[in-house]
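Report on the following structure.
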Amino acid sequence: YITYFLMEKIVIYQVLPRLFGNRSKRCQPKGTIEQNGCGKFNDFTPEILQRLKKFGITHVWYTGLIRHATTTDYSAYGIPRQHPAIVKGKAGSSYAVADYFDVDPDLAVDVNNRMQEFEALIKRTHDNGLKFILDFVPNHVARQYYSIVKPDGVVDLGEGDDQKAHFSPNNNFYYFPGQPFVLPEPLRGVKDSDGKVYEENPAKATGNDRICPSAEYNDWYEAIKLNYGIDFLGGHSCHFDPPPSTWKKMTEILIYWASKGIDGFRCDMAEMVPAPFWAFATRNVKMQYPDIIFIGEVYDPNQYRNYIQSGFDYLYDKVGMYDTLRNCICHNCATQEITYRWENTMDIWDHMLYFLENHDEQRIGSDFFAGMP
């Protein structure tokens, strides 16, 4: 007898809610939310979700839900303002998280009720036969990170850090004692509504592993790097035993979101966070929520197996399959390269996700992709 085992086919639909539900037809460059509008949690109606279901979608990857830095003033709701010199664009980057325990007020019809609207979206997603993937950003946070809604007893990131030490396993950030942060030149004179320029002293390391007290314009200057126990200026020595402070706090945050009933995390730039942390975090989260899945953004194919062994259920194959498919479409390589890429990951095939588009890549139908769609 021959037995065929059919694995569940995962089909993920990525969506940026602030764009998806925006019905504004006249968007102004550098316009405000009042001028340009914004999509909402409530735009994902049962009808919309059913349309996705009919396309064969199994999971919706909601991007940009956790509260991030923005120039929009929500101080009337008790939300701290962010200095415009360290916010990219009016709306801000979804990857400059300002509070890991909060959701984006831009997406709420009633800002005071934003968490309840988020939780209702989870329920609607499930009620319509779909699973909910939350975009999670583990490598860096907004420069003015501060949680205003963290649960009782939770110690905030950076709280209690020894800012006189460049590195300590007990610190959540990397510091440059006695040195102020130097913004990229075009931003140094930018002032906030009170007429003040941005000041940060001591400087913290920048999110894209720029371990120095300054940043260039093309750096992730709006974000600061989290310290997972690697001493970058000390020969990249690893301090993982006992588990560093950041390991415990970030695992606590993952468990917080898992408790909301989501079905998985898409983990941004997972490769920039050491694999031993993921082994620690995924083990602890899955002890409480065994069915939750972890999807990792890992660019180096040589690291795929390392991160799968550390608890990732899926990795999406950008440098391997995506780049090869794009080169085939653009007539830059032969289609036989697809077979080569496929065979390179045959032993981990059931952990690989393949894609034609995401928020980091150009639309396949774009003139910039292949010329003639």
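Each reported figure results from applying straightforward, stated rules to the coordinates on display, with no laboratory input. A quick note: this is a predicted structure, and the numbers were derived from the prediction, not measured. Ideal geometry is used to build each Cβ from the backbone, glycine not excepted, and the neighbour counts take in all protein chains shown.
Projected label points at I255 and C333, each 7 Å from Cα along the beta carbon direction, are separated by 4.3 nanometres. Principal semi-axes of the equivalent ellipsoid, √(5λ) from the alpha carbon gyration tensor of the range 238-292, are 20, 12, 9 Å from largest down. Dimensions of the range 303-373 along the principal axes, based on C-alpha atoms and rounded to the nearest Å, stand at 41, 27, 16, largest first. When peptides 72-85, 178-191 are ranked by their average number of other Cβ atoms within 10 Å per residue, the highest-first order is 72-85, 178-191.
Along the axis of the charge dipole computed for the range 217-302 (Cβ charges of +1 for Lys and Arg, -1 for Asp and Glu, origin at the Cα centre), the listed residues A258, M272, V298 are led at the positive end by A258.
Cross-link pairs exceeding 21 Å between alpha carbons, from the set K54/K123; K131/K318; K88/K131; K150/K196; K90/K196; K53/K286: K131/K318; K88/K131; K150/K196; K53/K286. Considering only beta bridges that DSSP places wholly inside the chain, some 40 percent are antiparallel. Averaging 1/r across all pairs of distinct Cα atoms in the chain and inverting the result yields a Kirkwood radius of 22.2 Å. When +1 charges are put on Lys and Arg Cβ atoms and -1 charges on Asp and Glu Cβ atoms, the dipole computed for the chain relative to its Cα centre reaches about 800 debye. Dipole magnitude for the range 155-280: about 80 debye, using +1 per Lys or Arg Cβ and -1 per Asp or Glu Cβ, origin at the Cα centre. Among S93, S237, S259, the largest mean-square fluctuation in a Gaussian network model of the chain (Cα springs under 10 Å) belongs to S237.
Mean-square fluctuation check for the chain, GNM, Cα pairs under 10 Å: which of Y228, Y304, Y198 is largest? Top of the fluctuation ranking is Y198.
Based on the reciprocal of the average 1/r between different C-alpha atoms, the Kirkwood radius for the range 173-300 equals 16.7 Å.
Label positions at H236 and R188, each projected 7 Å from the Cα along the C-beta direction, are separated by 3.2 nm.
Comparing the range 281-339 with the 2.2 N^0.38 Å rule of thumb, its C-alpha radius of gyration ratio is 1.47 (two decimals). Report note on the peptides 29-37, 211-219: ranked by the mean count of other C-beta atoms within 10 Å, highest first, their order is 211-219, 29-37.
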